[in-house]
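Engineer: Mind having a look at this structure? Questions to follow.
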Amino acid sequence: MHCGATWSNDRADKLARRLPRLQPPCYDCRGPPGDLVKLIQNYVDGRFVPGKREFADVNPADGTVIAQVTEADDAQVDEAVHAARRALRGEWGRLGVRERAARLHRVADAIEKRFECFVQAEVGDTGKPVSLASKLDVPRAAANFRVFADLVKMAGLESFQTETPDGTNALNYAVRKPLGVVGVITPWNLPLLLLTWKVAPALACGNAVVVKPSEETPATTTLLAEAMQDAGIPNGVYNVVHGFGPGSAGEFLTKHPDVDAVTFTGESTTGAAIMKSVAPTVKPVSFELGGKNAAVVFADCNFEEAVNGLAEAVFLNTGQVCLCTERIYVERKIFSAFVEALKQKAESLHSGWPNDAKTDLGPLISAQHREKVLSYYRLAREEGATVVTGGGVPKLGDNRDNGFYVQPTIYTGLPESARCVKEEIFGPVCHITPFDSEEEAIAMANDTKYGLAASIWTGNLKRGHRVAHQMNVGITWVNCWFLRDLRTPFGGAGISGIGREGGMHSLNFYSELNNVCIRL
Ligand code: NAD
Ligand code: 6OD
């Protein structure tokens, strides 16, 4: 299985081969190499610092504890925010855009230098296949820094020469300034990719950040601190506080009066809680939230391409990508053949150890998340679904049975009102429904509160455009999935998000524009 995000797999393969192979563990924040259980610490003002309490970092492939993580209390979050504020008043605040961009390229270099270390840290925390972390997560982290470094140097701003009816002339032009201290809160599914997707443009615009990674995946966020040091990013510009959401580092950060903006990726319900937290201090927010994404497959599609593309869209990262497809609508003429072909694909996927190059499917992130996914597997049966394949836990015959694997699963036969068709499951699962007309397919695809992504599979490009324009989502793919130029807008409609990031949209969120008007 491969992922076509951003660039071709050939290029990612070449990059992976060219980069040095370092042996993990190679990051200081985990303590001396050879320790069985490492300590992942907070990173404040350029130093790794312990906290008063610790929690366990678990490897989802076999349920073992691989590290202890220090939880930041409110005093440490406060320290991190003040360190960020001081950094804005120091060297970082005085750097010109060219030098800032040069340092962001150096962050990308530092990530590439530690390529294997990042891959292993991500694989250990998430259980995702090493092939995926090497082709998608880590190359995209470096790419995020390079893209925004280049973009910010090129970014022009509006200017207007104005003449009023009474003959007064004025020149208006905008000046881009940083927002200040940005709180960044990220989820566990693509930890490094989604973190750097926000940190890179925030730093490109001259902000300082305090980041709170998911409690499930603290490692690569912490390792990034070493890349920041290597790249000459001044102390206090990048700070990491570990912990949970409510009553912990997440909530302390969003409520902090000296945090100027919050950028968040995660569940829609968490987005709603964060909106409440930031309301009293009126902070701007950017939210990338959940999805219940649809695919529409027309009978005139390239059948093999559609089956392969949707196998990837349903099962990549064990279905734990916000853009994954959980609802597939297939034109009735090809419905049975499509269901059978996708079933064969699902059954051919290898649920292996994450570090085995042949592994297609890793575990889910945690015991708790597996229980959630399995509760939907049970619910689907109660709601009357036909189980095409899967629906349970695989028997793997070794320590993986202590991990959090589930079977890739396909259902048919549910009404559109069923909870399994309406609610985000976030596992390797989809429901397939037949349709008879284009209008019916569009209506069913749009019948959701979410609005993140959709894909259309057709040999008729005119139809592709027509249907794509009617999808109520932030991104629609035609005959592909998860392929995107990073300069384009990314975000969700409905409860899938607020605002757009990507390219200039990111730069505009992470800066304050000051319109200067000069009377001529
Ligand atoms: P989550 O919302 O449970 O947690 C995300 C982060 O928010 C974590 O760091 C968590 O500790 C923190 N958090 C939780 N409650 C908080 C609170 N009250 N205040 C402050 N911080 C809080 O999400 P998750 O389970 O980590 O990730 C999966 C979800 O993320 C899915 O719904 C998925 O669709 C969504 N997601 C969306 C996108 C996107 O781009 N739209 C990308 C990835 C994931
Ligand atoms: O590719 C990206 O930039 C992005 N934000 C992807 C989101 C994936 C969700 O899990």
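Readers should treat all values here as calculations from the given coordinates under stated rules, not as data from a laboratory. Just so you know, these numbers come straight off a predicted model, no measurement behind them. Because the Cβ atoms are built from the backbone with ideal geometry, glycine has one as well, and the counts that use them run over all protein chains shown.
Engineer: Determine which residues of segment 479-520 fall in the zone a paramagnetic label at E158 would reach in this model, i.e. backbone nitrogen under 12 Å from the point 7 Å along Cα→Cβ.
Structural biologist: 513-516
Engineer: Further, regarding this structure: Tell me the relative contact order for segment 265-355 as a rounded percent, counting alpha carbon contacts under 8 Å between residues six or more apart. Could you put the intermediate results ahead of the total?
Structural biologist: Working: 73 pairs, mean separation 26.4, N = 91.
After rounding, I find 29 percent.
Engineer: Per-residue ellipticity at 222 nm for the chain, helices alone: DSSP H runs ≥ 4 residues times -39500 (n - 2.57), over residue total, nearest 500 deg cm²/dmol?
Structural biologist: Computed mean residue ellipticity for the chain: -11500 deg cm²/dmol.
Engineer: 5 Å is the cut-off here: which amide hydrogens, built 1.01 Å from N in the peptide plane, fall below it relative to L361, excluding neighbours closer than 5 in sequence?
Structural biologist: Close amide H contacts, sequence-distant or interchain: H350, S351, G352.
Engineer: Given a cut-off of 25 Å, what percent of all Cα-Cα pairs of segment 293-485 lie beyond it? Could the numbers behind the result be given before it?
Structural biologist: On the way: 5768 of 18528 pairs.
The answer is 31 percent, as a whole percent.
Engineer: Ranking request for peptides 313-325, 361-373, 457-469, 281-293: highest mean number of other beta-carbon atoms within 10 Å first, then the rest in descending order.
Structural biologist: Those peptides, ordered most packed to least, come out 313-325, 281-293, 361-373, 457-469.
Engineer: While we're here: Once amide H atoms are built 1.01 Å from N in the peptide plane, which residues 5 or more positions from A295, or in another chain, come under 5 Å H to H?
Structural biologist: R327, I328, Y329, S455
Engineer: Computed from the mean reciprocal separation of all distinct C-alpha pairs, what Kirkwood hydrodynamic radius does segment 244-347 have, in Å?
Structural biologist: 16.4 Å
Engineer: Whole-Å semi-axes of segment 372-520's equivalent ellipsoid, largest first, each the root of 5 times a Cα gyration tensor eigenvalue?
Structural biologist: 37, 23, 15
Engineer: Along its principal axes, what span do the Cα atoms of the chain show, with the longest given first and each in whole Å?
Structural biologist: 72, 68, 46
Engineer: Ok, one more. Enumerate the calculated ³J(HN,Hα) couplings along segment 458-469 in order (Karplus 6.51 cos²θ - 1.76 cosθ + 1.60, θ = phi - 60°), each rounded to whole Hz, writing x wherever the residue is Gly or Pro.
Structural biologist: So the J values, rounded to whole Hz, are 7, x, 9, 5, 4, 5, x, 4, 4, 6, 4, 5.
Engineer: Which whole-Hz couplings ³J(HN,Hα) result when phi for each residue of segment 507-520 is put into the Karplus expression 6.51 cos²θ - 1.76 cosθ + 1.60, θ = phi - 60°, listed in order with x for Gly and Pro?
Structural biologist: Along segment 507-520, the couplings run 4, 5, 5, 7, 10, 9, 9, 10, 8, 9, 10, 10, 6, 9 Hz.
Engineer: Now for a separate question. Whose amide H sits under 5 Å from the amide H of G451, counting only residues 5 or more places off or on another chain, with H placed in the peptide plane?
Structural biologist: Residues meeting the amide H criterion: K292, A493, I495, S496.
Engineer: I would also like to ask the following. Could you give me the ³J(HN,Hα) list for segment 64-74, computed from phi with Karplus coefficients 6.51, -1.76, 1.60 and θ = phi - 60°, whole Hz, x at Gly and Pro?
Structural biologist: 7, 7, 9, 6, 9, 10, 8, 7, 7, 8, 5
Engineer: If you don't mind, another one. In whole Å, how far is the Cα centre of segment 255-298 from that of segment 91-120?
Structural biologist: Answer, in whole Å: 27.
Engineer: Taking the mean number of other Cβ atoms within 10 Å as a proxy for protection, how do you rank 65-78, 386-399 from highest to lowest?
Structural biologist: Per-residue mean Cβ counts within 10 Å order the peptides as 65-78, 386-399.
Engineer: Which aspartates and glutamates have a Cα lying under 20 Å from the Cα of K462, excluding residues fewer than 8 positions away in the same chain?
Structural biologist: D300, E305, E331, D436, E438, E439, E440
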